[in-house]
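Asker: Provided herewith is a single structure, encoded as structure tokens, for subsequent inquiry.
Rule-based calculations on the coordinates, nothing more; no lab input. In this text the structure is predicted, and so the values were computed from the model without any measurement. Don't worry about glycine lacking a Cβ; one is built from the backbone with ideal geometry, like all the others, and counts go over all protein chains shown.
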Amino acid sequence: MSPREILVFLGPTLPLAKARALLGATYLHPASQGDILLAAHAFRPKAMILIDGQFEDRPAVRHKEILWAMAQGIVMIGAASMGALRAAELYPFGMIGVGAIFRWYRRWPLAPDDAVAVQNGPAELGFLPLTDALIDLQATFADLARRNMISPELRRELVKIARQMNFRDRSLKQVLRRADLPEDEADRILAGMVHKKSQDAEHALKTAMGLVNSHKSQSASSFSITNTFIRDLEAGGIDPDLAYNYNKHRDVGG
């Protein structure tokens, strides 16, 4: 299998150039509702890696379309951001999850979805992240506390401040500003930032080929197309016939 047969939905979690250096896959913008089905028909991939997804100005990628893709024999891998969320939710059905964030959502199914959310720039600027994810901030404060660089009391205070902030405004600099820390202490904390999301994304890309080659896809007979799934496609302007005829033309396009 060629890495080009793997599709990766990537946005602010990892710079595109760095991702391409790890895996020579086909890279697409963050996924939203309907994108997995459309990408499957356009590229006929062996696997898809869901890292980033859209959720504000477009509906988020649906669980049902991920299940649809797996029923067509496409290996689905999730990590780091929206991918970690969906993988934790769909792990019992065969979606592969990679990384610490996936495991965190598996362990704590009621953990907030916005813990991985960030505000980012447009596609023209490479989806440049403009804020920091709560999951990265919490990892940073935990790491600093383990190394005795901040006290347990300060860790709790910083976590509390970060959790109270909207993800559109949340950043390490803003948290430290609200905590009113001395400049030298704030600089020391800034230097210790942990980027857990990007670490998980890198791990997913590095291990993707092995995961795909060793994975057994689920049977299409275990999947049923529901009226809700069809209505979602129609609402997004997507031809519902695409959900039915994928395997009828599996050899088209290579």
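Asker: Roughly how compact is the chain, stated as its Cα Rg over 2.2 N^0.38 Å to two decimals? If you can, show how the numbers build up before the last one.
Answerer: Numbers: Rg = 19.4 Å, N = 254, 2.2 N^0.38 = 18.0 Å.
Computed over Cα atoms of the chain, the ratio equals 1.08.
Asker: Beta carbons within 10 angstrom, averaged per residue: use that to sort the peptides 190-202, 228-240, highest first. Walk me through the numbers on the way to the answer.
Answerer: Details: 190-202: 19.5, 228-240: 14.8.
In descending order of packing, they fall as 190-202, 228-240.
Asker: Still on this model: If we sort 139-147, 173-181 on the protection proxy, mean other Cβ atoms within 10 Å, highest first, what's the order?
Answerer: Numbers: 139-147: 17.4, 173-181: 15.6.
With the highest mean Cβ count within 10 Å placed first, the list reads 139-147, 173-181.
Asker: Okay, next question. Reported to two decimal places, what Rg/Rh ratio describes the stretch 60-199 when computed on Cα atoms with Rh from the Kirkwood expression? If you can, show how the numbers build up before the last one.
Answerer: Working: Rg = 16.9 Å, Rh = 16.3 Å.
Across the stretch 60-199, the Cα-based Rg/Rh ratio is 1.04.
Asker: Let me ask something else. When DSSP beta bridges are limited to those with both residues in the chain, what percentage is antiparallel, rounded to the nearest 5?
Answerer: Working: 1 of 16 bridges.
That works out to approximately 5 percent antiparallel.
Asker: Here's a follow-up. For K18, give me every one of the lysines with a C-alpha distance below 24 angstrom, ignoring sequence neighbours fewer than eight places off in its own chain.
Answerer: Counting by Cα, and skipping residues close in sequence, K18 has these lysines nearby: K46, K196, K197, K206.
Asker: Hey, how many Å between the Cα centroid of the stretch 47-64 and the Cα centroid of the stretch 84-116?
Answerer: Spelled out, the Cα-based centre of one part sits 14 Å from the other.
Asker: For L242, L28, what ranking results if the residue with the fewest other Cβ atoms within 10 Å of its Cβ goes first? Walk me through the intermediate numbers first.
Answerer: Numbers: L242 15, L28 19.
With the sparsest Cβ surroundings first, the list reads L242, L28.
Asker: Rounded to the nearest 0.05, what FRET efficiency is calculated for L190 and T26 with R0 set to 41 Å and r the Cβ-Cβ distance?
Answerer: 0.70
Asker: Placing one identical point scatterer on every Cα of the stretch 133-192 and ignoring solvent, what is log10 I(q)/I(0) from the Debye formula at q = 0.25, 0.27 Å⁻¹?
Answerer: Those come out to -1.07, -1.26, one per q.
Asker: Sticking with this structure for a sec: Order 15-24, 89-98 from most to least packed using the mean count of other Cβ atoms within 10 Å.
Answerer: Numbers: 15-24: 14.7, 89-98: 18.8.
Packing proxy ranking, top to bottom: 89-98, 15-24.
Asker: Sticking with this one: So between L242 and N227, what do we pick up on full extension, going 0.36 nm a residue minus the alpha carbon distance?
Answerer: Numbers: separation 15, 0.36 × 15 = 5.40 nm, distance 1.42 nm.
4.0 nm is the gain from fully extending L242 to N227.
Asker: Gain in length, K160 to M1, computed as 0.36 nm per residue apart minus the alpha-carbon separation, to one decimal in nm? Mind showing how you got there, number by number?
Answerer: Working: separation 159, 0.36 × 159 = 57.24 nm, distance 4.67 nm.
Length difference between fully extended and current span is 52.6 nm.
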